[in-house]
Amino acid sequence: MLNVIWVIMVFSGIITSVITGRTKEVSDAILSSCGQAVNLTIVMLGAMCLWSGLMKVAEKAGIVDALARLLKGVFRFLFPGIPKGHPANGAIAMSLSADLLGLGNAATPLGILAMKELSGINGNSPVASNAMVMFGVINAACIQLIPSTVLIIRHQAGSAYPSSIIPCVWIASLVSALTGIIAAKVLERVSKDPGRNGGKVLRYLV
Amino acid sequence: MAELLSNAAIPAVFLFIVVTAFIKGVPVFDTFVEGAREGARTALDILPVMVGILAGIAVLNGSGLVDIMTGLLQKPAEAVGIPREALPLLLIRPFSGSASLGLFAEQIKEVGPDTFLGRALSTVMGSSETVLYTLAVYFGAAKVKNTRHAIAASLISSYAGMIAAIFICRIIQ
């Protein structure tokens, strides 16, 4: 829960900065982070418009539907509860493909669109559904065929074989994704109803 | 091959969607603008979430907490085979994209990109994501307040991947 995590971040950070005498650095960093957030949003504003527009066109043309039908087997396990032929299927498929291809500027807007579709199925509830959590976890696991940013930095650092890490990256990503899927499936049982029977402790943990 | 694929992917998808829609008689541009307008609204909805998250991360980055944590975790980490030099990146990676990228770019020059440590750091960086930011943006856009087990499961996944990355680099030379 961000309500708790945010307080921990701010509290521990500021107390530490007082002890280490870095209050000036922290103060500068806070102020520049606001500008950074606006910059990121502006960059994303354009990409978000483009992909939302294209997805709307794809939806009207029946492409999203066709994509969803193609992938229904995998999705039934990972995201149970999405109605057949719902645009969420297509949106998830598009978003995960963009992740895989490492299209950073497309992946985030498409991921947001997919999350909003999933939220619609969940009645736009302020409490995330299992499918929404699973989608978030898979995205956070960073499935990517070519880690291009890392390869560029390796090249700049004078590596003789910048791409030699790719097999290692694939295995590590796979470990991460599988652990995430298992963790999400296991934890969804215990965090089912975070208001009742001992859910109080859990609510702060997760 | 892979590079060609990622370069051609966006134009190909763009062309395919527009042509298919045109053939099916969809008013392509009007529909695009309608969707784009919704997209603009979503992006602006995310701005407050971004400001909050980035400010929180800025506090952590500026405070020197990572250095203190590295000192504390050094012994237990080395006991299980995680090199001390990798700790700062492991600690910061799930929370801050820009800080971890900066740290990585600096460290890889120091240790050399083709040494064990250089490869391990590269693999950690390449196989992980800025978990907190990703989740905050996605759930923020969907206006979710209670993310349930999303953060816990993602952090478990992230650390499993990053620690695996180090051991994989020991095995695959």
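The values are calculated or read from the model by the stated rules, or taken from the named source; none is laboratory data. Because the structure is predicted, anything quoted here is derived from the model rather than measured. Ideal geometry is used to build each Cβ from the backbone, glycine not excepted, and the neighbour counts take in all protein chains shown.
Answer yes or no as to whether A:Ile165 is over 19 Å from the mean Cα position of the chain (by Cα), buried (at least 20 other Cβ atoms within 10 Å of the Cβ) and either in a helix (DSSP H, G or I) or of a type in the set (Ser, Thr, Tyr) (or both).
When the stated conditions are applied, A:Ile165 passes them.
In the range A:151-206, how many are within 17 Å of B:Ser157 (Cβ to Cβ), of a type in the set (S, T, N, Q) and at pLDDT below 90?
Selection size over the range A:151-206: 1.
So which residues in the range B:77-132 are assigned to a loop (DSSP other than H, G, I, E, B) and either within 17 Å of the chain's Cα centre (by Cα) or crowded, with 23+ Cβ neighbours inside 10 Å (or both)?
Across the range B:77-132, the qualifying residues are B:Arg93, B:Pro94, B:Phe95, B:Ser96, B:Pro113, B:Ser127, B:Ser128, B:Glu129, B:Thr130.
Can you find even one residue in the range A:22-41 that is more than 23 Å from B:Ile46 (Cβ to Cβ), surrounded by fewer than 19 Cβ atoms within 10 Å (Cβ to Cβ), facing chain B (nearest Cβ under 7 Å) and among the polar types (S, T, N, Q)?
no
Restricting attention to helices (runs of 4 or more DSSP H) lying wholly within the range A:65-135, give those where 1 or more residues are within 14 Å of the chain's Cα centre (by Cα).
A:87-100, A:104-121
Starting from the range A:131-148, keep only residues that are more than 7 Å from chain B (Cβ to nearest Cβ), then list their pairs with residues that are part of a helix (DSSP H, G or I) and modelled with pLDDT under 85 whose Cβ atoms are within a distance under 6 Å, requiring at least 6 positions of separation or different chains.
Sorted first by the residue in the range A:131-148, then by its partner, the pairs are A:Ile143/A:Asp99; A:Ile143/A:Leu100.
Limited to the range B:102-126, what total is found for residues that are more than 7 Å from every other protein chain (Cβ to nearest Cβ) and in contact (Cβ under 8 Å) with a residue 24 or more places away in the chain?
Going through the range B:102-126 one residue at a time, the tally reaches 6.
Quick one: is A:Cys168 in contact with a helix residue (DSSP H, G or I) (Cβ under 8 Å, 6 or more places away or on another chain) and on the phi > 0 side of the Ramachandran plot?
The answer is no for A:Cys168.
Filter the range A:6-21 for residues that are touching a Gly at 6+ places or on another chain (Cβ under 8 Å) and under 27 Å from B:Gly140 (Cβ atoms); which is surrounded by the most Cβ atoms within 10 Å (Cβ to Cβ)?
A:Gly13
Look at the range A:99-130 and say how many of its residues are within 7 Å of chain B (Cβ to nearest Cβ), under 16 Å from A:Leu78 (Cα atoms) and surrounded by fewer than 23 Cβ atoms within 10 Å (Cβ to Cβ).
0
Any residue at all in the range A:10-17 that is more than 7 Å from chain B (Cβ to nearest Cβ) and at pLDDT 90 or above?
The answer is yes, given that some residue of the range A:10-17 is more than 7 Å from chain B (Cβ to nearest Cβ) and at pLDDT 90 or above.
I want to confirm something. Restricting to the range B:137-146 and keeping residues that are among the small types (Gly, Ala, Ser) and surrounded by fewer than 24 Cβ atoms within 10 Å (Cβ to Cβ), which single residue is farthest from the other protein chains (Cβ to nearest Cβ)?
B:Gly140
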